[in-house]
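Student: Handing you a structure now.
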Amino acid sequence: MSTPFPLALYLARRDAFAAFLSAADQESSVCYWEAEGRYESPEEATAARDEAYAVTRDACNLITVEPTGPHKEAQALVEQLRHLGRAGTEEQDWVSFKKAREVFIEAARGYLKETQGDRSN
C-alpha cells in the first residue's frame, strides 16, 4: 500500500524539520563543549565542529532548497549557531539561541498544520 502524496510530503517535511532541529542541538553542544575546553586537543575540537557543521548544513539545505515553510527561521537558527561557535564561554548567548530554536519549532508546527489542512486538532 502506498502513502498518499500529501501525507508523504507532510512526513518528509516533518522529518526534515526534525533532522535539522536535532543537528542544530548537536552543533550547539559542540559549541558549548569547545568553549568549555572539554576536547582533548584543538584538532579534536575542530573535527567535532566541522562534523557538526556539515550535518547542520545538510539538514538546513533540505529546508532551504524549497523556500517554503520555516526556511527563514532555519537560517536565523543557523546564524545563532555561528555566533555560539565564535564566542567564548562568557560571550555565548544561549538566550538568543533558545529563542531562535523556539521560533523555528513554532514556524515548523504552523507550516505542518497548514499542510494538513488544520486536521491535526
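Student: Quick one: compute the contact order of the chain, relative version, from alpha carbon pairs under 8 angstrom and 6+ residues apart, as a percent.
Tutor: Numbers: 91 pairs, mean separation 39.0, N = 121.
Relative contact order of the chain: 32 percent.
Student: Here is a follow-up. Which option, (i) 17; (ii) 28; (iii) 23, is the value of percent of Cα pairs over 26 Å apart that was calculated from these coordinates?
Tutor: Among (i) 17; (ii) 28; (iii) 23, the one derived from this structure is (ii).
Student: When the dipole is taken about the Cα centre of region 51-121, and only Lys, Arg (+1) and Asp, Glu (-1) are charged at their Cβ, what size is it in debye, to the nearest 20? Don't jump to the answer; show the numbers that get you there.
Tutor: Numbers: 10 positive and 12 negative charges, 26 e Å.
Computed about the Cα centre, the dipole is about 120 debye.
Student: Of ALA19, ILE105, VAL30, whose Cα points farthest to the positive end of the dipole of the chain (charges on the beta-carbon: +1 Lys, Arg; -1 Asp, Glu; origin at the Cα centre)?
Tutor: It is ILE105.
Student: While we're on this one: How large is the accessible surface of SER29 in square angstrom, using a 1.4 angstrom probe and rounding to the nearest 10?
Tutor: 40
Student: Once ligands and nucleic acids are excluded and a 1.4 Å probe is used, how much of TYR39 is accessible, expressed in Å² to the nearest 10?
Tutor: Its accessible surface works out to 50 Å², give or take rounding.
Student: With a 1.4 Å probe and every protein chain kept in, tell me what percent of the accessible surface of the chain is carbon plus sulfur.
Tutor: Numbers: 4080 of 7580 Å².
Carbon with sulfur: 54 percent of the solvent-accessible area.
Student: At 7 Å along the Cα-to-beta-carbon direction for both THR64 and TRP33, put a label point, then send me their distance in nm to one decimal.
Tutor: 2.5
Student: Report, in debye and to the nearest 20, how large the dipole of the chain comes out about its Cα centre when Lys and Arg carry +1 and Asp and Glu carry -1 on their Cβ.
Tutor: Working: 14 positive and 21 negative charges, 135 e Å.
Charge dipole, the chain, about its Cα centre: 660 debye, nearest 20.
Student: Ranked highest first by the average count of other Cβ atoms within 10 Å around their residues, in what order do 89-100, 47-58 fall? Mind dumping the intermediate values first?
Tutor: Values: 89-100: 13.3, 47-58: 16.0.
Averaged packing, sorted descending, gives the order 47-58, 89-100.
Student: Now a separate question. Based on the Cα coordinates of region 47-104, what is the per residue volume of their convex hull in Å³?
Tutor: On the way: hull volume 4.1 nm³, N = 58.
Roughly 70 Å³ of hull volume per residue.
Student: Please name whichever of PRO6, ALA59, GLN75 sits farthest to the positive end of the charge dipole of the chain, dipole taken about the Cα centre and charges placed at Cβ: Lys and Arg +1, Asp and Glu -1.
Tutor: Value: PRO6.
Student: Which of GLU40, GLU27, GLU79 ends up with the largest GNM mean-square fluctuation for the chain, with Cα atoms connected below 10 Å?
Tutor: So, out of GLU40, GLU27, GLU79, the one fluctuating most is GLU40.
Student: Right, another one. Per residue of the chain, what 222 nm ellipticity follows from adding -39500 (n - 2.57) for every DSSP H run with n ≥ 4, rounded to the nearest 500? Don't skip to the end; give the middle numbers.
Tutor: On the way: 4 runs with 92 residues, N = 121.
Taken over the chain, the calculation gives -26500 deg cm²/dmol.
Student: Would you calculate the separation in nanometres between label points at SER22 and ALA87, each defined as 7 Å from the Cα along the Cα-to-beta-carbon direction?
Tutor: The answer from the label model is 2.7 nm.
The values are calculated or read from the model by the stated rules, or taken from the named source; none is laboratory data. Fair warning: this is a prediction, and the values are worked out from it, not measured in the lab. Here Cβ is always computed from backbone atoms with ideal geometry, including for glycine, and neighbour counts include all displayed protein chains. Just the protein is used for accessible areas: all its heavy atoms, side chains included, with ligands, DNA and RNA removed. Shrake-Rupley method; radii C 1.70, N 1.55, O 1.52, S 1.80 Å.
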